[in-house]
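Q: What follows is a single structure, and I will ask about it in a moment.
The values are calculated or read from the model by the stated rules, or taken from the named source; none is laboratory data. Note that this is a predicted model, so its numbers are computed, not measured. Heads up, the Cβs are rebuilt from the backbone with ideal geometry, glycines too, and the neighbour counts pull from every protein chain shown.
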């Protein structure tokens, strides 16, 4: 084979006539093979939903959540910014040049600049986020990371697009949710926490309405796994989360595990029903004092079942906290406040969501805010940084 290639390269120009195509070099052939492989990868990802619902499958067998050595930013048309953070920007994107038979799909592409991730000391959080999302890809109520990839400057996570926007926006418009709506959303979150804690050993650590999106059918999708961490049965000590939702053990820095999510879930149910969280003050230190004291004041209109559920979840002593006691998530699911929930039908998305967003099509962005364009003159990712840090980003 090598001899034939050598012959082609060195003698081809003598034998080719004007009308014959010029012979391709190994480099050209390699490029066309790469292009074909990239095209196949895009085609496969355009059909990722055919393989959804494989949570818990062996990571190697799963078609979603893998790291792609083939994808590049140029494969995507950046349509509109959906959100920005201190070191990330999320874009609505679609594939450039899809195959004619591929569905016209859009995605959310989270772009994290390596320089910013390093400068803000977020390397560990970003690695956790990518690896947790890969492990949980395919769950019906968690944003699906379809694939991840990287280039010299940036890390990328290709996620399913949730056109309904944040639950937070609907809650603010409605002031508060009625009990059936609150129960539906709360029940889907119980199924998420049950899966994260009991199947994956993951503490989510940032449960709040801003991190819960509504999909086209009105079901929830939990997003932003930047603080998620595989803790199994160990304790961790990083102070992270949002002040009103922090559990007492996080504030006291006595070590925490998955129980923090059940506390935050109690706060969330309260906010759904009342319109604001139970512990609130302009001064975060005052919020922390209220949380550590742990006295929830309930409005008189709240049902006895809802009060009992929230009291069980917002218990300062983790050994007595509902969700963390014997039975785990099952004890939460069997609480009287959830007596009308058919858990199997809910997991299989057979129950309609209480709020179905009005959408003009799959690429509708009306439920997302407008954002400033990205600043120019960003600090480049130097070769010195690459030598020091790229090893940490190898999972991408």
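For every residue, the table says whether it meets (1) surrounded by fewer than 16 Cβ atoms within 10 Å (Cβ to Cβ); (2) in contact with a helix residue (DSSP H, G or I) (Cβ under 9 Å, 6 or more places away or on another chain); (3) without any contact (Cβ under 8 Å) to a residue 24 or more places away in the chain.
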| site | (1), (2), (3) |
| --- | --- |
| 305 | yes, yes, no |
| 333 | no, yes, no |
| 342 | yes, no, yes |
| 347 | no, yes, no |
| 351 | no, yes, no |
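Q: For residue 244, state whether it is out of contact with any strand residue (DSSP E or B) (no Cβ under 7 Å at 6 or more places or on another chain) and without any contact (Cβ under 8 Å) to a residue 24 or more places away in the chain.
A: In short, no.
Q: Is at least one residue of the range 232-250 within 14 Å of the chain's Cα centre (by Cα) and within 27 Å of residue 308 (Cα to Cα)?
A: No: zero hits.
Q: Using the structure shown, decide if residue 270 is in contact (Cβ under 8 Å) with a residue 24 or more places away in the chain, in contact with a helix residue (DSSP H, G or I) (Cβ under 9 Å, 6 or more places away or on another chain) and surrounded by fewer than 19 Cβ atoms within 10 Å (Cβ to Cβ).
A: In short, no.
Q: Going residue by residue through the range 213-233, is there one that turns out to be more than 17 Å from residue 324 (Cα to Cα) and in a helix (DSSP H, G or I)?
A: no
Q: State whether the residues of the range 311-320 include one that is surrounded by 11 or more Cβ atoms within 10 Å (Cβ to Cβ), more than 26 Å from residue 253 (Cα to Cα) and touching a helix residue (DSSP H, G or I) at 6+ places or on another chain (Cβ under 7 Å).
A: No, the range 311-320 contains no residue that is surrounded by 11 or more Cβ atoms within 10 Å (Cβ to Cβ), more than 26 Å from residue 253 (Cα to Cα) and touching a helix residue (DSSP H, G or I) at 6+ places or on another chain (Cβ under 7 Å).
Q: With surrounded by 21 or more Cβ atoms within 10 Å (Cβ to Cβ), at pLDDT below 95 and either in contact with a strand residue (DSSP E or B) (Cβ under 6 Å, 6 or more places away or on another chain) or more than 21 Å from residue 216 (Cα to Cα) (or both) as the only criterion, which of 124, 129 stands out?
A: 129
Q: Okay, next question. Just wondering, is there one or more residues in the range 226-244 that are in the same structural domain as residue 301 (by TED's automatic domain parsing), surrounded by 22 or more Cβ atoms within 10 Å (Cβ to Cβ) and at pLDDT 95 or above?
A: Checking the range 226-244: not a single residue is in the same structural domain as residue 301 (by TED's automatic domain parsing), surrounded by 22 or more Cβ atoms within 10 Å (Cβ to Cβ) and at pLDDT 95 or above.
Q: If you don't mind, another one. Taking residue 279, is it touching a strand residue (DSSP E or B) at 6+ places or on another chain (Cβ under 6 Å) and crowded, with 16+ Cβ neighbours inside 10 Å? Step through it out loud before you land on a result.
A: Values: touching a strand residue (DSSP E or B) at 6+ places or on another chain (Cβ under 6 Å): no; crowded, with 16+ Cβ neighbours inside 10 Å: yes.
Considered against the rule, which asks whether it is touching a strand residue (DSSP E or B) at 6+ places or on another chain (Cβ under 6 Å) and crowded, with 16+ Cβ neighbours inside 10 Å, residue 279 comes out as no.
Q: Can I ask one more? Out of all the residues in the range 374-393, is one or more under 30 Å from residue 162 (Cα atoms), in the same structural domain as residue 83 (by TED's automatic domain parsing), out of contact with any helix residue (DSSP H, G or I) (no Cβ under 9 Å at 6 or more places or on another chain) and touching a residue at least 12 places away in the same chain (Cβ under 8 Å)?
A: Yes, the conditions are met somewhere in the range 374-393.
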